[in-house]
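In what follows, a single structure is set out as structure tokens and then discussed.
The values are calculated or read from the model by the stated rules, or taken from the named source; none is laboratory data. Remember, it's a predicted structure, so these values are computed and weren't measured experimentally. Positions of Cβ are backbone-derived with ideal geometry, glycine not excepted, and every protein chain shown enters the neighbour counts.
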Amino acid sequence: MSELYDLIIIGAGPAGLTAAIYAGRAELKTLLLERNPMGGGQIVNTYEVDNYPGLPGINGFDLGSKMSEHADRYAITRVEAEVSSMELTGGEKVVHTDQGDFSGKCVLITSGNSPRKLGVPGEEELAGMGVSYCATCDGAFFRKRTTLVVGGGDVAVEDAIFLARGCEKVYLVHRRDELRAAKSLQTALLAMDNVEVIWDSVVESVNGKDQVESVSIRNVKTNELKDVPVNGVFIAVGTQPNNAFYMKAGLNTDANGYIIAGEDCKTNLPGVFAAGDVRTKRLRQVSTAVGDGANAITSVLEALI
């Protein structure tokens with residue numbers, strides 16, 4: 001730990017890369033830690049991003065690459081490392097990684113989250129080829145086509161309603177005989193003529209060669225198995241923050257492990273900030289992550305005064 005950084009950023013998704021750009025422009029001595037060889041976060045696995053302002057239809061890999069290249073224009077240090085734990089309560093914060101320990105005056109956590117997966121055959125193989133975890137991101141690509149949503153909570157029902165406005169047919173598969181979503185959402189969903197709820201059922205597999213073609217569904221009460229032809233599958237069974245390294249660091253989190261932080265990205269610990277999908281927020285999108293990254297550096301600069 002020979003160097004003391006002004007700021008250590010953990011995670012190189014849109015929030016982390018935006019923060020790195022702003023930190024570089026502010027001439028902060030900045031270290032960016034990322035566990036993957038390439039930055040960009042989840043968007044690099046997205047075939048097409050159609051809702052990022054000014055770049056409609058850009059390939060997710062290309063958008064992540066452009067953000068990463070932009071950050072590299074500034075004098076920041078980048079290290080590929082897996083963070084294992086942190087010491088955040090002192091004046092100097094210490095970040096422990098598989099590449100050694102690093103110390104900084106401030107730490108910004110932008111480790112993001114990951115969608116909960118079904119773990120069924122075909123899900124991984126067809127990710128980005130009809131399997132999606134974000135209806136607002138990818139729903140427009142299935143206009144006038146047939147889609148299927150998996151889940152029974154608010155997000156799943158909201159996704160189904162969103163898709164039904166543009167899709168010819170939407171199925172909602174739920175393992176129980178009643179939804180967990182708010183009653184107002186259920187009422188809106190069930191009033192839509194092109195939505196069909198498949199009750200008491202679970203997805204057994206997602207089928208297709210180079211694109212989703214159908215989904216195999218099993219009724220949990222009768223064990224009846226049937227194939228439903230669809231063009232797209234939207235999995236909405238929850239998300240989980242990438243939080244293993246910070247859960248014992250003294251940060252306040254919500255019941256799901258997301259770091260409690262507002263629009264200023266400040267946490268309960270002085271000099272520690274959280275931005276992007278890892279913090280508590282209503283909407284998790286590339287654009288909101290970018291906004292967080294900018295806001296976080298404003299707060300960091302205030303903390304360093």
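The table below lists the values:
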{"quantity": "For His96: the one exception among (1) assigned to a loop (DSSP other than H, G, I, E, B); (2) more than 23 Å from the chain's Cα centre (by Cα)", "calculated": "(1)"}
{"quantity": "Sole residue being without any contact (Cβ under 8 Å) to a residue 40 or more places away in the chain, hydroxyl-bearing (Ser, Thr, Tyr) and assigned to a helix (DSSP H, G or I), chosen from Ser287, Ser299", "calculated": "Ser299"}
{"quantity": "Residues located in region 154-169, provided they are acidic (Asp, Glu) and modelled with pLDDT of 95 or more", "calculated": "Glu168"}
{"quantity": "Qualifying residue in region 45-57 (condition: under 19 Å from Gly238 (Cα atoms), outside the structural domain of Asp200 (by TED's automatic domain parsing) and not β-branched (Val, Ile, Thr))", "calculated": "yes"}
{"quantity": "Pair list, Cβ < 6 Å and 6+ apart or interchain, from region 225-242 residues that are in contact (Cβ under 8 Å) with a residue 40 or more places away in the chain and within 20 Å of Asn113 (Cα to Cα) to residues that are of a type in the set (Ser, Thr, Tyr) and surrounded by 15 or more Cβ atoms within 10 Å (Cβ to Cβ)", "calculated": "Phe234/Ser132; Ile235/Tyr133; Pro241/Tyr258; Asn242/Ser111"}
{"quantity": "Odd one out for Asn256 among (1) surrounded by fewer than 18 Cβ atoms within 10 Å (Cβ to Cβ); (2) in a loop (DSSP other than H, G, I, E, B); (3) modelled with pLDDT of 95 or more", "calculated": "(3)"}
{"quantity": "Matching entry among Ala75, Ala19, Ala26, Ala81 (being crowded, with 24+ Cβ neighbours inside 10 Å, in the same structural domain as Val300 (by TED's automatic domain parsing) and not basic (Lys, Arg))", "calculated": "Ala19"}
{"quantity": "Members of region 198-230 found to be surrounded by 13 or more Cβ atoms within 10 Å (Cβ to Cβ), within 26 Å of the chain's Cα centre (by Cα) and assigned to a loop (DSSP other than H, G, I, E, B), listed by number", "calculated": "Gly208, Val212, Glu213, Val230"}
{"quantity": "Selected residue [within 15 Å of Phe234 (Cα to Cα) and modelled with pLDDT of 95 or more] from Leu189, Leu179, Leu172", "calculated": "Leu172"}
{"quantity": "Lone qualifier among Tyr22, Tyr5 - being modelled with pLDDT of 95 or more, of a type in the set (Phe, Trp, Tyr) and in contact with a Lys or Arg (Cβ under 6 Å, 6 or more places away or on another chain)", "calculated": "Tyr5"}
{"quantity": "Residue within region 242-251 that is outside any loop (DSSP other than H, G, I, E, B), over 25 Å from Arg165 (Cα atoms) and among the polar types (S, T, N, Q) present", "calculated": "no"}
{"quantity": "Any hit, region 57-69, residues being over 12 Å from Leu17 (Cα atoms) and in a loop (DSSP other than H, G, I, E, B)", "calculated": "yes"}
{"quantity": "Failed item in (1) of a type in the set (D, E, K, R); (2) free of Cβ contacts under 8 Å to residues at least 60 places away in the same chain; (3) part of a strand (DSSP E or B), with Arg73 passing the rest", "calculated": "(3)"}
{"quantity": "Test: residue in region 6-15 that is under 21 Å from the mean Cα position of the chain (by Cα) and free of Cβ contacts under 8 Å to residues at least 60 places away in the same chain", "calculated": "no"}
{"quantity": "Residue within region 205-226 that is farther than 26 Å from Thr280 by Cα and in contact with a helix residue (DSSP H, G or I) (Cβ under 7 Å, 6 or more places away or on another chain) present", "calculated": "no"}
